[in-house]
Amino acid sequence: MVSLEQVHKSYGETPVVKGLSLEVARGEMIALLGPSGCGKTTTLRIIAGLEHADAGRVHIDGALVTGQPPEARGLGMVFQSYAIWPHKTVAENVEYPLKLKGVAGREALVRQALGWVRLDALAQRMPHALSGGQLQRVALARALVASPKVLLLDEPLSNLDAALREDLRAEIAALRARLGTTMIYVTHDQNEALALADRVAVMNHGVIEQLAPPRELYESPKTPFVAAFVGGANVLEGRLDGADFVCGDRRLVLPADLERPAAARHLVIRPEALTVGDGPNELGVVASLFLGHSTEVRFDVAGHLMRALAPAHVRPKPGENVRVRIDRAQLFS
Ligand SMILES: Nc1ncnc2c1ncn2[C@@H]1O[C@H](COP(=O)(O)OP(=O)(O)OP(=O)(O)O)[C@@H](O)[C@H]1O
Ligand SMILES: [Mg+2]
């Protein structure tokens, strides 16, 4: 449904998107996940036609769209900032894209779209009398009312508080199941990406470092960056010495069955893959943070911070030395 081939984009001398290729299947939901400034919004705007690529090609539904204006591409868009017209009612906002196209039978379509986002009762409200979550629902209804081929969403939930974010996240998943719309969803929130998408493209400095289904991404990250960004893994730099990993002046005993590539340079350990209170390593505690369901214990490893998730009753004190076992890890060359 959407295909990007070797797309490049620079602002002045600065390359922002560097030869990005991506194929999105019909009905698929892809998340573009990555840190601030990695080129997510720029990529989305190139697909939308709001920005022109310096090189590369974009196809939507089989057609080359280079040079086509945004309104000719059959897309719906939702932004972080809602972009709702303040002087139009909810229903008028949602009707607007249909009006532009001169579509007949608009009233029924508007009613249907408001039903999808459960705003039927608020059709005549003015935007100033709506909450943030309701405004974002209006934006969703407006983006969906003309049955777009592809829905593009740029951080649609990041202006909302945590509880509302989860509600709306579930609603987007339900809408998608119901309508089968192809979606490209930009976020820097790994939970959102993992929970919603069929496949997640992890972006870093204008390239996709890994594109994979959520589970595969989480369990088999291809680079230390992906491991650290998705799941908050600890990444330690060092080298293998015999069976152990040496990081600065620390020697870490690794799991016996760990695959040990010859030129290993990075040791990646997820916080939940460490056992605190038992094991062959002795590490100094920097901090112990009670999180309710668990305790985050922070260790110092040769000047680097290493985070472990321990059961809530485990609460070592800062300054203490504690036994630690690395249950699972990954080594990268
Ligand atoms: N119009 C512009 N002119 C110059 N530089 C720009 C322009 N738009 C974006 N950039 C730069 O391009 C880079 C990528 O921006 P982009 O908005 O795509 O990032 P992003 O991944 O969406 O980040 P965020 O998570 O903060 O929204 C950034 O360094 C940004 O400063
Ligand atoms: Mg952005």
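Here residue 23 fulfils each of the conditions (1) closer than 15 Å to residue 200 by Cβ; (2) among the acidic types (Asp, Glu); (3) within 15 Å of ligand 1 (Cβ to nearest atom) apart from (3).
Kindly indicate whether any position in the stretch 277-288 is under 22 Å from residue 230 (Cα atoms) and β-branched (Val, Ile, Thr). Outline the logic, then answer.
First, the residues of the stretch 277-288 that are under 22 Å from residue 230 (Cα atoms): none.
Scanning the stretch 277-288 turns up no residue that is under 22 Å from residue 230 (Cα atoms) and β-branched (Val, Ile, Thr).
Go through the stretch 50-77 residue by residue and tally those that are more than 16 Å from ligand 2 (Cβ to nearest atom), part of a strand (DSSP E or B) and in contact with a helix residue (DSSP H, G or I) (Cβ under 9 Å, 6 or more places away or on another chain).
Within the stretch 50-77, the first condition is being more than 16 Å from ligand 2 (Cβ to nearest atom), and the residues that meet it are 52-76.
Then drop every residue that is not part of a strand (DSSP E or B), which leaves 55-60, 63-64, 75-76.
With in contact with a helix residue (DSSP H, G or I) (Cβ under 9 Å, 6 or more places away or on another chain) added as a condition, the list becomes 56, 58, 60, 75-76.
Selection size over the stretch 50-77: 5.
Is there a residue in the stretch 219-229 that is in contact with a Gly (Cβ under 6 Å, 6 or more places away or on another chain), of a type in the set (Gly, Ala, Ser) and surrounded by 22 or more Cβ atoms within 10 Å (Cβ to Cβ)? Break it down stepwise before answering.
Filtering the stretch 219-229 for residues in contact with a Gly (Cβ under 6 Å, 6 or more places away or on another chain) gives none.
Looking for residues that are in contact with a Gly (Cβ under 6 Å, 6 or more places away or on another chain), of a type in the set (Gly, Ala, Ser) and surrounded by 22 or more Cβ atoms within 10 Å (Cβ to Cβ), one finds none in the stretch 219-229, hence no.
Hey, among the residues in the stretch 26-37 that are within 14 Å of residue 155 (Cα to Cα) and buried (at least 21 other Cβ atoms within 10 Å of the Cβ), which one's farthest from ligand 1 (Cβ to nearest atom)?
Ranking the qualifying residues of the stretch 26-37, first place goes to 30.
If only residues of the stretch 287-304 that are surrounded by 15 or more Cβ atoms within 10 Å (Cβ to Cβ), in contact (Cβ under 8 Å) with a residue 24 or more places away in the chain and closer than 16 Å to residue 250 by Cβ are counted, the one that is farthest from the chain's Cα centre (by Cα) is 302.
Give the residues of the stretch 59-80 that are among the β-branched types (Val, Ile, Thr) and under 22 Å from the mean Cα position of the chain (by Cα), sorted by residue number. If the condition is that a residue be among the β-branched types (Val, Ile, Thr) and under 22 Å from the mean Cα position of the chain (by Cα), then 78 is the only one that fits. Here residue 121 fulfils each of the conditions (1) surrounded by fewer than 12 Cβ atoms within 10 Å (Cβ to Cβ); (2) under 26 Å from residue 44 (Cα atoms) apart from (2).
None of the figures in this text is laboratory data; all of them are computed from the coordinates on show. Here the structure is a predicted model, which means the values were calculated and not measured. Every residue, glycine among them, receives a Cβ derived from its backbone with ideal geometry; neighbour counts consider all protein chains shown.
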